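Let me begin by presenting the structure, written as structure tokens, before commenting on it.
The values are calculated or read from the model by the stated rules, or taken from the named source; none is laboratory data. Since we're looking at a predicted model, the values are computed, not measured. Glycine also receives a Cβ, built like all others from the backbone with ideal geometry; neighbour counts cover every protein chain displayed. With ligands, DNA and RNA removed, areas are computed over all heavy atoms of the protein, side chains included. Shrake-Rupley method; radii C 1.70, N 1.55, O 1.52, S 1.80 Å.
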Amino acid sequence: MSEASVLFEVKNQVGLIRLNRPKVLNSLNAEMVDLLNQQLQKWKDNTDISVVCISGEGTKGLCAGGDMRSLYDLRDSTVLDLARNFFSTEYQMDLLIHQYPKPVVVNMDGIVMGGGVGLSVGATYRIVTEKTKWAMPEMNIGFFPDVGGSYFLNQMPGAVGRYLALTSGIIKAADVMYAGAADYYMASEDWDRLTIDITSTDWKSKEVEDEMNRLLKRYSQAIDIKSSNLATVQEKINQHFSHQTMEDIIASLQSDANHDEWANETLNTLLTKSPTSLKVTLRQLQEGEKKSLVECFKMEFILGMNFMSLPDFYEGVRAVLVDKDRSPKWDPSRFEDISEEDVLAFFTWDKDDNLLTKFDTFA
């Protein structure tokens, strides 16, 4: 019998969650998000649970994202049914973590990307290590930064959120903390000892927040976020990524590319991405500035369903996850061939889908 894709355990008022697909970097499939959502709902109102801890099995990371290959494999048949179930359940799970009434501790050791960011960014205590590799890599596959990206990317300093979304840049611990997506830095090897301390605590007799901060401070280490890579290029990021169109962002980078290596590398990175995904994502982040967290997730559900009809998404998954040639052929391949109407069409969903109303329970 195969092992469960998610492992749940209760020790001394602590709910332990371990993603258990290490061979695929704990990527989230429909079964996993359903199991996670159900268990978090049960523990939310269980007076015998005081703290929840989330980690990933194996040595490579918490979670590499959603299982987009499964959507690709059903592209000619039932992809809309799978997408409707997967996105709605995953986003409700992410929302639940943001609004959870009990402390949630997440070990962001190793790879934390896409759906892994969705699992961690809304937690109460977010721990990074020397192995952390954080990214919203959706632009690499012709998709968009979902799992609440419309909201949390806009909370980052200046235009950092736009930069990370549009480039799919991979950042490490100091940058993750600088961006506001993590709270504590500790050595990877200390997670097991921290977990033992958490599960050995008599939470019924403790002030949970005070005790958790005390435990985390025991294991946390100082890290200089002011010298992080993002901090050193913050002015450049603001200069180039504060523009309101992709054409202007590209032109801004081009103006500095001949004498600025960072601008040149960033420009070349953007030019490898799907023009449609870039334009839709920029509009998504602009819309997210005006929306609540719940409204952002509702918008992302609509976007996700519409992206299931975008050829660039399947071409991106093919190039990165199937054939792995890393040479996608985007269509259209030029920004000028994508109209305003084309972009706006991604933000409307004409199906009578009552799943959208489920997000209202979080408002």
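Within segment 3-111, which strands (runs of 3 or more DSSP E) (wholly inside it) include 2 or more residues that are β-branched (Val, Ile, Thr) and in contact with a Cys (Cβ under 9 Å, 6 or more places away or on another chain)?
Those strands (runs of 3 or more DSSP E) span 14-19, 104-108.
Among the residues of segment 326-343, count how many are open to solvent by 80 Å² or more (accessible area, probe 1.4 Å) and either out of contact with any Asp or Glu (no Cβ under 9 Å at 6 or more places or on another chain) or under 16 Å from residue 246 (Cβ atoms) (or both).
Residues that pass the stated criteria total 6.
Being assigned to a loop (DSSP other than H, G, I, E, B) and under 16 Å from residue 275 (Cβ atoms) is the filter here, so list the residues in segment 296-326 that pass it.
Listed by number, the list holds a single entry, 310.
Being out of contact with any Leu (no Cβ under 6 Å at 6 or more places or on another chain), open to solvent by 50 Å² or more (accessible area, probe 1.4 Å) and modelled with pLDDT of 95 or more narrows it down to one of 209, 247, so name that one.
247
Could you give me the residue pairs with C-beta distances under 6 Å whose first residue belongs to segment 64-77 and is touching a residue at least 40 places away in the same chain (Cβ under 8 Å), whose second residue is open to solvent by 60 Å² or more (accessible area, probe 1.4 Å) and in a helix (DSSP H, G or I) wherever it lies, and which are 6+ apart or on separate chains?
Going by the 6 Å Cβ cut-off, the qualifying pairs are 69/321.
Scan (1) β-branched (Val, Ile, Thr); (2) within 19 Å of residue 132 (Cα to Cα); (3) open to solvent by 20 Å² or more (accessible area, probe 1.4 Å) for the single condition residue 47 breaks and write down its number.
(2)
Can you find a residue that is of a type outside the set (A, V, I, L, M, F, W, C) and under 22 Å from the mean Cα position of the chain (by Cα) anywhere in segment 332-351?
No, there is no match, as no residue in segment 332-351 is of a type outside the set (A, V, I, L, M, F, W, C) and under 22 Å from the mean Cα position of the chain (by Cα).
Going by the structure shown, is residue 150 in contact with a Cys (Cβ under 6 Å, 6 or more places away or on another chain), closer than 30 Å to residue 28 by Cα, at pLDDT 95 or above and surrounded by 19 or more Cβ atoms within 10 Å (Cβ to Cβ)?
The answer is yes for residue 150.
Would you call residue 49 within 30 Å of residue 303 (Cβ to Cβ) and modelled with pLDDT of 95 or more?
Answer is no for this residue.
Being within 18 Å of residue 112 (Cα to Cα) and at pLDDT below 95 narrows it down to one of 67, 76, 81, so name that one.
Only one candidate qualifies: 67.
Provide a single number: the residues in segment 96-144 that are farther than 24 Å from residue 174 by Cβ and crowded, with 24+ Cβ neighbours inside 10 Å.
The total comes to 4.
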